[in-house]
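First up is the structure itself, then whatever we jot down about it.
The values are calculated or read from the model by the stated rules, or taken from the named source; none is laboratory data. Because the structure is predicted, anything quoted here is derived from the model rather than measured. Neighbour counts run over all protein chains shown; Cβ positions are idealised from the backbone, glycine included.
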(Lines give C-alpha, C1' and ligand atoms only; values in the text may rest on other atoms or scores of the structure.)
Protein backbone atom coordinates (compact mmCIF):
# COMPACT_ATOMS: atom_id res chain seq x y z
CA UNK A 1 0.00 0.00 0.00
CA UNK A 2 1.04 3.56 -0.63
CA UNK A 3 1.47 5.30 2.72
CA UNK A 4 4.17 7.88 1.91
CA UNK A 5 1.77 10.38 0.37
CA UNK A 6 -0.49 10.11 3.41
CA UNK A 7 2.08 11.09 6.02
CA UNK A 8 1.92 14.86 5.82
CA UNK A 9 -1.81 15.50 5.72
CA UNK A 10 -5.18 14.18 6.75
CA UNK A 11 -6.42 11.20 4.80
CA UNK A 12 -9.61 11.90 2.82
CA UNK A 13 -12.61 9.60 2.92
CA UNK A 14 -12.00 8.79 -0.76
CA UNK A 15 -8.48 7.65 0.09
CA UNK A 16 -9.74 5.66 3.08
CA UNK A 17 -12.37 3.90 0.96
CA UNK A 18 -9.73 3.13 -1.65
CA UNK A 19 -7.34 1.73 0.95
CA UNK A 20 -10.12 -0.35 2.51
CA UNK A 21 -11.15 -1.77 -0.87
CA UNK A 22 -7.57 -2.56 -1.82
CA UNK A 23 -6.88 -4.20 1.52
CA UNK A 24 -9.98 -6.40 1.28
CA UNK A 25 -9.29 -7.26 -2.37
CA UNK A 26 -5.74 -8.33 -1.54
CA UNK A 27 -6.91 -10.34 1.49
CA UNK A 28 -9.25 -12.26 -0.80
CA UNK A 29 -6.38 -12.85 -3.25
CA UNK A 30 -8.17 -11.04 -6.07
CA UNK A 31 -6.53 -8.99 -8.77
CA UNK A 32 -8.15 -5.79 -9.94
CA UNK A 33 -8.95 -7.57 -13.21
CA UNK A 34 -10.69 -10.46 -11.44
CA UNK A 35 -12.64 -8.07 -9.23
CA UNK A 36 -13.67 -6.13 -12.32
CA UNK A 37 -14.92 -9.32 -13.96
CA UNK A 38 -16.89 -10.29 -10.85
CA UNK A 39 -18.49 -6.88 -10.35
CA UNK A 40 -18.82 -5.33 -13.79
CA UNK A 41 -16.81 -2.30 -12.59
CA UNK A 42 -13.99 -1.47 -14.99
CA UNK A 43 -10.47 -2.31 -13.82
CA UNK A 44 -9.36 1.27 -14.54
CA UNK A 45 -12.08 2.57 -12.20
CA UNK A 46 -11.03 0.12 -9.48
CA UNK A 47 -7.46 1.38 -9.83
CA UNK A 48 -8.58 5.01 -9.53
CA UNK A 49 -10.68 4.23 -6.46
CA UNK A 50 -7.90 2.27 -4.75
CA UNK A 51 -5.48 5.12 -5.38
CA UNK A 52 -7.90 7.62 -3.84
CA UNK A 53 -7.95 9.91 -6.83
CA UNK A 54 -9.82 12.98 -5.71
CA UNK A 55 -11.46 13.56 -9.07
CA UNK A 56 -12.82 10.04 -9.22
CA UNK A 57 -16.58 10.05 -9.36
CA UNK A 58 -17.99 6.65 -8.60
CA UNK A 59 -21.67 5.93 -8.64
CA UNK A 60 -23.23 4.20 -5.70
CA UNK A 61 -24.11 1.15 -7.80
CA UNK A 62 -20.45 0.54 -8.64
CA UNK A 63 -19.39 0.99 -5.04
CA UNK A 64 -22.18 -1.34 -3.95
CA UNK A 65 -21.03 -3.99 -6.46
CA UNK A 66 -17.46 -3.82 -5.18
CA UNK A 67 -18.54 -3.87 -1.55
CA UNK A 68 -20.84 -6.86 -2.02
CA UNK A 69 -17.93 -8.96 -3.31
CA UNK A 70 -15.35 -7.72 -0.81
CA UNK A 71 -17.16 -7.42 2.51
CA UNK A 72 -19.92 -9.57 4.06
CA UNK A 73 -21.68 -6.42 5.31
CA UNK A 74 -21.50 -4.70 1.94
CA UNK A 75 -21.39 -0.91 1.92
CA UNK A 76 -21.92 -0.70 5.66
CA UNK A 77 -18.80 -2.74 6.25
CA UNK A 78 -16.74 -0.78 3.72
CA UNK A 79 -17.75 2.56 5.23
CA UNK A 80 -17.06 1.35 8.76
CA UNK A 81 -13.65 0.08 7.74
CA UNK A 82 -12.90 3.26 5.79
CA UNK A 83 -13.64 5.41 8.83
CA UNK A 84 -10.83 3.69 10.67
CA UNK A 85 -8.41 1.67 8.59
CA UNK A 86 -6.16 0.39 11.39
CA UNK A 87 -3.15 -0.31 9.20
CA UNK A 88 -3.16 3.19 7.74
CA UNK A 89 -3.71 4.94 11.05
CA UNK A 90 -1.01 2.89 12.74
CA UNK A 91 1.59 3.46 10.03
CA UNK A 92 0.85 7.18 9.85
CA UNK A 93 1.02 7.59 13.64
CA UNK A 94 4.27 5.63 13.96
CA UNK A 95 5.89 7.45 11.07
CA UNK A 96 4.87 10.88 12.37
CA UNK A 97 6.30 10.01 15.80
CA UNK A 98 9.54 8.80 14.24
CA UNK A 99 9.87 11.96 12.15
CA UNK A 100 9.24 14.06 15.26
CA UNK A 101 11.88 12.15 17.22
CA UNK A 102 14.39 12.52 14.41
CA UNK A 103 13.75 16.27 14.23
CA UNK A 104 14.33 16.55 17.97
CA UNK A 105 17.77 14.96 17.60
CA UNK A 106 19.03 17.97 15.65
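Miscellaneous remarks
- Test: residue in region 52-62 that is assigned to a helix (DSSP H, G or I) and in contact (Cβ under 8 Å) with a residue 24 or more places away in the chain: no
- Region 66-87, subset surrounded by 12 or more Cβ atoms within 10 Å (Cβ to Cβ) and outside any helix (DSSP H, G or I), residue modelled with the lowest pLDDT: 85
- Across region 45-65, the qualifying residues are those that are under 15 Å from residue 16 (Cα atoms) and at pLDDT 85 or above, and the one among them that is farthest from the chain's Cα centre (by Cα) is 63.
- Any hit, region 22-44, residues being out of contact with any helix residue (DSSP H, G or I) (no Cβ under 8 Å at 6 or more places or on another chain), modelled with pLDDT under 80 and either under 30 Å from residue 99 (Cα atoms) or not in a loop (DSSP other than H, G, I, E, B) (or both): no
- Condition met for residue 6 (at pLDDT below 85, surrounded by 12 or more Cβ atoms within 10 Å (Cβ to Cβ) and touching a helix residue (DSSP H, G or I) at 6+ places or on another chain (Cβ under 7 Å)): yes
- Applying the criterion of being surrounded by fewer than 17 Cβ atoms within 10 Å (Cβ to Cβ) and part of a loop (DSSP other than H, G, I, E, B) to the residues of region 9-21, the residue that is modelled with the lowest pLDDT is 9.
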